[in-house]
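What follows is one structure encoded as structure tokens, with my remarks underneath.
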Amino acid sequence: MKNVWFPAKKNGWGWQAPTCWQGWAVLAVYLALFILLTSLIHPKEALVNWAISSVALTTGLLFVIRVKGEAPNWKWKKIEKEKRSLFRLEKTLDQEADSQNGSNKKKND
């Protein structure tokens, strides 16, 4: 069985944060190399060289994540309507509007 450093996301596409020290080490090395790259090739002076080097470094990171991580595939968890904050807000606003309409109807009668 494959030792997974980067598990697939539970919702959406891609990977989650690393689950073992090797994954965290890969991210730390990537960050250190990116900082070193930026200190050696300043983006304001040599933007094209910096961009090409950054893309190459990030491609290397994605390659390691792809090899040592789970296969990313689309996963969508169904969220109940009551749990969505937007719908709770809409529901509250609808209830307030209904209660105001009900009190206005009583006043008009």
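Brief remarks on what is shown
- Across region 56-78, not a single residue is classified as part of a helix (DSSP H, G or I) and modelled with pLDDT under 75.
- Which listed residue, of LEU37, LEU47, is touching a helix residue (DSSP H, G or I) at 6+ places or on another chain (Cβ under 7 Å), at pLDDT below 95 and more than 24 Å from ASN11 (Cβ to Cβ): LEU37
Residues checked against (1) closer than 30 Å to TRP76 by Cα; (2) exposed (fewer than 12 other Cβ atoms within 10 Å of the Cβ):
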{"residue": "VAL4", "(1), (2)": "yes, no"}
{"residue": "ALA8", "(1), (2)": "yes, no"}
{"residue": "TRP15", "(1), (2)": "yes, no"}
{"residue": "PRO18", "(1), (2)": "yes, no"}
{"residue": "TRP21", "(1), (2)": "yes, yes"}
{"residue": "LEU27", "(1), (2)": "yes, no"}
{"residue": "SER39", "(1), (2)": "no, yes"}
{"residue": "THR59", "(1), (2)": "yes, yes"}
{"residue": "PHE63", "(1), (2)": "yes, yes"}
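- In region 3-42, the residues that are aromatic (Phe, Trp, Tyr) and closer than 18 Å to GLU70 by Cβ: TRP5, PHE6, TRP13, TRP15, TRP21, TRP24
- Output for region 10-26, where each listed residue is touching a residue at least 12 places away in the same chain (Cβ under 8 Å) and either farther than 20 Å from THR59 by Cβ or assigned to a helix (DSSP H, G or I) (or both): LYS10, ASN11, GLY12, THR19, CYS20, GLN22, GLY23, VAL26
The values are calculated or read from the model by the stated rules, or taken from the named source; none is laboratory data. Since this is a predicted model, take the numbers as computed values, not measurements. Here the Cβ is made from the backbone with ideal geometry for all residues, glycine too, and neighbour counts use every protein chain on show.
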